[in-house]
Amino acid sequence: MQNSSPSKGLSMLRTVVLLVSMLISLSPAYAAMPALTVGEELAGTLTAGGEATYSLELGAEYIVYGAAMQKSVDVIIVVTGPDGAEVGAYDITGEGPDYFQFQSTIEGQYGITVKPFENGSGEFSVLIYMAEALAETPEGKMDQLMVRYANDATPGVIIAVVEDGEISFEKAYGMANLSHGIPLTTTTITNIGSASKQFTAFAINLLVKEGKLSLDDDVRKYLPEVPDFGETVTIGHLLSHTSGYREFLNGIAMSGRMLDQGDYIDRDEILALVVRQPELQNSPGAEWNYCNTGYSLLALIVERITEQGFDVWMKENVFGPLGMENTQVRMHRTSIIRNSAQGYVAFQSLGFREVPDISASAGAGGIYTTVADMALWMKNLHTGEVGGKEIIEKMTTPFVLTDGEESSYGMGLFIDEFQGLRRIHHGGADSAHRASFAYFPEVDKGVITLSNNGGYSPGNADKVVEAFFAEKLTSVEVIAETKEEFDSANYQPEDFDELVGRFELEGIGLVLTFTREGDTFYCQATGQPKTTIVPTANLEFNIVVVDAAINFHRDDEGDVSSLTLHQGGGITGHRLATDPWAPDAEEMATYVGRYFSKEMEAFYEIVLDDNALVLKHRRFKDAKLKILKMDVFTVGFPLGELSFVRGDAGDLTGFAASNVRTRGVLFERVN
């Protein structure tokens, strides 16, 4: 399911920390740094706040593939060019090898800097596997891009390029099953995670067309168990991720489930979680917040309307008519699917380990398919032969929020623009499977990538698009020139001063600090190095390397009091007081206690250890609370941000935990 890989995807904290910690200011003078050569592994040690930089001599238009071996420290890798400009930043896993791959544009020495994640310390090593001239053909570029997977010891990836409804290129790299030595082929069946949502949305719209339900129907018409929250949640709200329901994976993780260790979830638990929810997280239709819960409920609604199992109905009414003969919904993670790929995640001491699928994913995920079957679906997005073009149009029209703002999501599909072309797409991430599906309707072309490797980045699909459709794309530079002109050279450094300060990101427990040094502007995340940002408008700044942006906002008084961090979706941040709160030992001791959530049926304990507050749970590692402001702390996933609640007398009565997709979960103090 989208961004729901328990080990990484569910942790929004790591994602946002990476976004704002990758643009590290480095000196382009790499001559004094240790030199990297292909095949030679160099070891190093990091201290908290330290870094290690290596040099790599490259020609122009070279492609490089390497890894940082995280022996006892979680690292971030940042690559800079001969001119000191940032080329890329990488942070995929927390242990084992963290791979990086980049392309040089100019000849000279490149810097590869290794820094600890969240001020950790320990040993690592760096190894360059490949550094060679970039291939001239798209097919050759694919072999270079996928070199990491092209062996018999690594779970891999299948790539398909679709043009005018037909597959024009397809190739498989790596292994489908390591235990039995079975390689991936272009016909191997894999789990596409949240890319399944487009089929659930299609199914609902087919039932609408048949007159069996309406998108405006109250969810409670079909699921009467759901409480009346005082506002109507409709089928359309479930489809558009605007229902206000808690996201079940993030919620169940709060209860103490270790999804990355294979803990089981029953489908009934999802509905039960909604039933126990005391109130909506947002007014229906007012806020977009990615929610697997909604799509799981949609699958249940299909079953109640049709009186058939979701998998059976989908086979007969969706996959069958589309000709997708090798596609099915896996209703239980132990179901046998012939010719399917086992999912794997790399662990530091164990190498690759088999990881079971997330259970109870039907509707939100759980579909197993092939690139050929997905190509048939892509063709149907163009023709509308099955279901009709009206359904396709509805699914690919962005949902408009109640305030008139347009989201970037339709029904089961994201809608945006990639290098000048309209793009309809969806990614997918189960425990150890990754998928990407991207269609460009203006040119009737698309890309599909399916992987059984938890370390694979679906973002590689963009590189496939660039390799095969280069002549159809508009360069980033040209796009910038066609937008409303803003000359960053004329931006007055003093104008940045009103933006200087600390902003807390909602539900993540991360603080971004903005500072200025002369005419250079910086953003620094909690526990991370400061990073450069560049103005694109008076209140807008880009983090160019990761295609992210920061927009500052004025309040009714004209003061800059909030911001939005954009990368795929948007995360709101609010300005904090100038002086951070610094409690003494006596004040910190008041937070010590045992806390219980009736909603999540879970206990947590907070203790004071060596002048630091520490959160304890019987199944999780101890975690230190980090101060954001008075009564607000961050602790990372799954609780995220803890906002303590006080009674009328000022005594602490509990805390509300929020992790972006599941917010405001109350834990009451029991002693």
Somewhere in the range 373-394, is a residue more than 18 Å from K197 (Cβ to Cβ), part of a strand (DSSP E or B) and among the small types (G, A, S)?
-> no
If you scan the range 38-56, which residues turn out to be outside any loop (DSSP other than H, G, I, E, B) and more than 11 Å from I112 (Cα to Cα)?
-> V38, L42, A43, G44, T45, L46
Given (1) surrounded by fewer than 16 Cβ atoms within 10 Å (Cβ to Cβ); (2) more than 27 Å from the chain's Cα centre (by Cα), number of the condition N119 does not satisfy = (2)
Residue ID - nearest to S194 (Cα to Cα), chosen from residues in the range 414-443 that are surrounded by fewer than 24 Cβ atoms within 10 Å (Cβ to Cβ) and basic (K, R) = R423
Within the range 348-374, work out how many residues are aliphatic (A, V, I, L, M), crowded, with 21+ Cβ neighbours inside 10 Å and within 18 Å of V157 (Cα to Cα).
-> 4
Taking the range 258-268 as the search range and keeping residues that are in contact (Cβ under 8 Å) with a residue 40 or more places away in the chain and buried (at least 17 other Cβ atoms within 10 Å of the Cβ), which one is nearest to A364 (Cα to Cα)?
-> R267
Only one residue in A346, A435 is farther than 26 Å from P321 by Cα, of a type in the set (A, V, I, L, M) and not in a loop (DSSP other than H, G, I, E, B). Which one?
-> A346
Where I76 falls short, out of the listed (1) buried (at least 20 other Cβ atoms within 10 Å of the Cβ); (2) over 29 Å from D260 (Cα atoms); (3) β-branched (V, I, T) | (2)
Expected single match for closer than 27 Å to A67 by Cβ, of a type outside the set (A, V, I, L, M, F, W, C) and either buried (at least 16 other Cβ atoms within 10 Å of the Cβ) or not assigned by TED's automatic domain parsing to the domain that holds A461 (or both) among D164, D152 is D152
S408 meets each of (1) of a type in the set (S, T, Y); (2) over 20 Å from F169 (Cα atoms); (3) within 16 Å of the chain's Cα centre (by Cα); (4) crowded, with 19+ Cβ neighbours inside 10 Å with one exception, condition (4)
Filter the range 395-405 down to residues that are outside any strand (DSSP E or B) and among the hydrophobic types (A, V, I, L, M, F, W, C) and give me whichever is surrounded by the fewest Cβ atoms within 10 Å (Cβ to Cβ).
-> L401
Just one of I571, I627, I606 is closer than 30 Å to V274 by Cα, within 27 Å of the chain's Cα centre (by Cα) and of a type in the set (A, V, I, L, M, F, W, C); which is it?
-> I571
From the list V345, V400, which residue is at pLDDT below 95 and β-branched (V, I, T)?
-> V345
Test for E557: is it over 25 Å from the mean Cα position of the chain (by Cα) and over 23 Å from L512 (Cβ atoms) = no
How many of the residues in the range 585-625 are crowded, with 19+ Cβ neighbours inside 10 Å and under 23 Å from A525 (Cβ atoms)?
-> 3
What is the one condition in (1) outside any loop (DSSP other than H, G, I, E, B); (2) closer than 15 Å to S104 by Cβ that A68 does not satisfy?
-> (2)
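Residue-wise test of (1) among the polar types (S, T, N, Q); (2) more than 20 Å from A362 (Cα to Cα); (3) in the same structural domain as I367 (by TED's automatic domain parsing); (4) surrounded by 18 or more Cβ atoms within 10 Å (Cβ to Cβ).
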{"site": "K212", "(1), (2), (3), (4)": "no, yes, yes, no"}
{"site": "L223", "(1), (2), (3), (4)": "no, no, yes, no"}
{"site": "V233", "(1), (2), (3), (4)": "no, yes, yes, yes"}
{"site": "G236", "(1), (2), (3), (4)": "no, no, yes, yes"}
{"site": "G256", "(1), (2), (3), (4)": "no, yes, no, no"}
{"site": "L297", "(1), (2), (3), (4)": "no, no, yes, yes"}
{"site": "L300", "(1), (2), (3), (4)": "no, no, yes, yes"}
{"site": "G309", "(1), (2), (3), (4)": "no, no, yes, no"}
{"site": "N317", "(1), (2), (3), (4)": "yes, no, yes, yes"}
Kindly indicate the residue of the range 316-349 that is of a type in the set (A, V, I, L, M) and out of contact with any helix residue (DSSP H, G or I) (no Cβ under 9 Å at 6 or more places or on another chain) and also nearest to D74 (Cα to Cα) among those meeting that condition.
-> A346
All positions within the range 603-625 that are within 29 Å of F514 (Cα to Cα) and not in a strand (DSSP E or B) = N611, L625
Please report, ordered by residue number, the helices (runs of 4 or more DSSP H) entirely within the range 236-313 with at least 1 residues that are more than 21 Å from A429 (Cα to Cα).
-> 267-276, 292-306
Cβ-Cβ below 9 Å, separation at least six or inter-chain, first residue in the range 629-646 and more than 13 Å from E506 (Cα to Cα) and in a loop (DSSP other than H, G, I, E, B), second of a type in the set (D, E, K, R) and modelled with pLDDT under 90: which pairs?
-> F637/R14
Top-ranked residue in the range 647-663 [being assigned to a strand (DSSP E or B) and of a type in the set (S, T, Y); ranked as surrounded by the fewest Cβ atoms within 10 Å (Cβ to Cβ)] | T653
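The values are calculated or read from the model by the stated rules, or taken from the named source; none is laboratory data. Nothing here was measured: the structure is a model prediction, and the numbers come from that model. Positions of Cβ are generated from backbone atoms using ideal geometry, with glycine treated the same way; all protein chains shown enter the neighbour counts.
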